[in-house]
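Student: Quick one: this structure, given as structure tokens, is what I'll be asking you about.
Derivation of every value follows stated rules applied to the coordinates shown; laboratory data play no part. Every value quoted in this text rests on a predicted model; they were computed, and no experiment measured them. All Cβ positions, glycine included, derive from the backbone under ideal geometry; neighbour counts span all protein chains shown.
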Amino acid sequence: MNCIGQINDLFCHVVRTYLGITISSCETNSIWKFPADFNSKLFYYVLGISVLGALYNVLKIIDLSFRKYGTPLVRMGRPRKVMNFSGNQMRRFRIAECFLLTKAWTLMIYALVFIKPHYMNPWVLLCGATLTIDVFILAIDIIRQLEIGLIPMLVLWFKLSSMCCVLCVRWLLQRLIEVQ
């Protein structure tokens, strides 16, 4: 039994014995007790990147909300030579993007904690769309024979690997629900 399962069992015992409170999750199987064939390390990896993603986007919203207007605010990943939007418009778009991603990351955390894989769909949709756009922009840069640095490739690889891990965990959770 892993450490989190032991803490959950201890918490349920204390709440039930000393406080006299019955919690519905304590009466059923704990979400942290996985079958032997379940890949729990992948589950915890996705939970970890979900927490980090939610925190990053919340901090980004705070940063964008209180920072003064300027060119460092407008840059998105790598500098572009074409600028169609003003700094204020880009700031609003970035705040909206971070808000949507925060919502998607928190839904991902909810889906993982309460084992509801259908709540992962907004994250898969948003990250799939951004991954498609990133690949499209990268393809245009390759066609235009621009030099592509290591950072955009690493970001693209991280998004792709995260998407694969999330889809794998979603499939595992759906299979876990079907078995029970």
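Student: Could you check the simple spin-label distance between Tyr45 and Leu167, using points 7 Å along Cα→Cβ, in nm with one decimal?
Tutor: Distance between label points: 1.5 nm.
Student: Sketch the reach of a paramagnetic label on Glu178 as a point 7 Å from Cα along Cα-to-Cβ, and name the residues of the range 114-132 whose backbone nitrogen lies under 19 Å away.
Tutor: 115-121, by backbone N distance to the label point.
Student: Where Lys and Arg each count +1 and Asp and Glu each count -1, what net charge lies around Ile49 among other residues with Cβ under 15 Å from its Cβ?
Tutor: That works out to +3.
Student: Which length gain, in nm to one decimal place, applies between Phe158 and Leu100 when the Cα-Cα distance is subtracted from 0.36 nm times their residue separation?
Tutor: That works out to 18.9 nm of additional length.
Student: Can you tell me how much longer the chain between Leu131 and His118 gets when fully stretched, taken as 0.36 nm per residue apart minus their C-alpha distance, in nm with one decimal?
Tutor: 2.7 nm
Student: Quick check on the range 92-143: take the gyration tensor over C-alpha atoms, sort the square-rooted eigenvalues as a ≥ b ≥ c, and tell me if it's rounded (a/c under 1.5), prolate or oblate.
Tutor: oblate
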